[in-house]
1. Around P217, under 15 Å between beta carbons, what's the net of Lys plus Arg minus Asp minus Glu among the other residues?
2. Could you work out, for the range 74-147, what percent of all Cα-Cα pairs fall into each 5 Å distance bin, beginning at 0 Å and stopping at the bin that holds the largest distance?
3. Tell me which residues come under 5 Å, amide H to amide H, from L41 once H is placed; ignore anything under 5 positions away on its chain.
4. Accessible surface of M68 in the full protein assembly, 1.4 angstrom probe, to the nearest 10 Å²?
5. How much net charge surrounds V237 when only other residues with a Cβ under 12 Å from its Cβ are counted (Lys, Arg +1; Asp, Glu -1)?
6. When Lys and Arg each count +1 and Asp and Glu each count -1, what net charge do the other residues less than 13 Å away from L274, Cβ to Cβ, add up to?
7. Kindly report, to the nearest 10 Å², the accessible surface of E184 as traced by a 1.4 Å probe over protein heavy atoms only.
8. So what does T120 come to for accessible area, using a 1.4 Å probe and Å² rounded to 10?
Amino acid sequence: MSAAVPIRMPDVRRWPEVDVPVADAGALAAFLLRHPRTLVLTGAGISTGSGIPAYRDREGRWVHRQPMQYQAFMGSDRLRRRYWARSYLGWPRMQQARPNPAHSALASLQQAGHLGGLVTQNVDRLHHKAGSPSVTELHGTLSEVVCQDCGRREPRESLQAELSALNPGWVAAVHGLNPDGDAELDEDVYDDFRIAHCHGCGGVLKPDVVFFGESVPSARVTAVRAALAISDAVLVVGSSLVVWSGYRFAREAAAQGKPVVAINQGRTRADGLLRFKVEAPCDAVLPAVAQQLSRG
């Protein structure tokens with residue numbers, strides 16, 4: 001399938017029930033010893049230990065409001081205002097999040113040569129903060145903003161300061177937070193919120209993340225496929241792989257005869273491809289794996 005296919009939300013009720021062999025941290029450590037060039041693909045489940053909630057429950061069903069759609073964001077000033085109001089209050093919580101032991105364990109495993117590349121579907125930059133030496137951000141990052149008209153970029157911190165100046169005294173109660181930093185607010189608080197525009201051309205500003213309905217840039221897909229080509233296995237960490245953008249790499253690995261394993265609490269779209277699954281929290285499993293491998 002083409003790299004230009006937009007991110008969609010498939011119906012998880014159509015997934016077949018698959019009995020996946022269950023393993024533990026010891027089995028995963030032994031697997032990584034046999035496959036030292038394992039490509040890691042992470043999802044929202046690795047960041048729950050940092051206070052960032054997951055999108056889905058154990059069955060792959062949404063547990064929060066569905067994320068902003070690209071066409072809706074680009075086509076409506078009202079919806080952009082709603083998005084930026086929610087992001088204005090959600091961003092500080094994302095910015096303050098810190099890597100948990102799972103992020104740190106992956107970084108140490110990479111640095112010790114027990115893993116190959118690392119691909120994340122997350123937009124929180126926690127792998128960078130943990131010190132992972134090689135990270136491909138499949139869906140981009142919240143820490144940068146890009147103009148949709150001229151391509152001008154700026155740090156999210158700069159936009160936050162501008163939004164604060166444009167909205168003195170604006171407050172709203174935050175009832176929850178999505179993994180993309182999109183806060184849950186009351187419906188009657190958006191009308192007075194003022195949004196910023198590009199200082200270069202006056203165009204539409206958007207976080208440098210791939211919204212649903214938007215395509216992952218082809219250069220990123222090419223980079224992941226290059227990393228997959230030199231890997232000898234794939235480890236999925238904290239992802240149900242519901243969306244095609246991540247799931248396709250598990251499919252491609254299996255098609256190439258490379259084993260695919262996972263750490264995930266609950267079903268994944270790739271269950272039928274997995275050699276085994278560790279059904280335990282990422283921040284418990286990965287430190288135990290790192291500790292076992294550090295002993296030689």
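The values are calculated or read from the model by the stated rules, or taken from the named source; none is laboratory data. Computed from a prediction, not measured in an experiment: that's the story for all the values here. All Cβ positions, glycine included, derive from the backbone under ideal geometry; neighbour counts span all protein chains shown. Accessible surface areas use protein heavy atoms only, side chains included; no ligands, DNA or RNA. Shrake-Rupley method; radii C 1.70, N 1.55, O 1.52, S 1.80 Å.
1. Neighbour charge sum, excluding P217 itself: +1.
2. 3, 14, 20, 21, 15, 10, 7, 5, 3, 1
3. Those qualifying (amide H under 5 Å, at least 5 residues apart or on another chain) are V119, L235, V236, V237.
4. Around 20 Å² of this residue is reachable by solvent.
5. Every neighbour counted, the sum reads 0.
6. With Lys, Arg at +1 and Asp, Glu at -1, the net is +3.
7. Spelled out: E184, probe radius 1.4 Å, area about 40 Å².
8. About 0 Å², rounded to the nearest 10.
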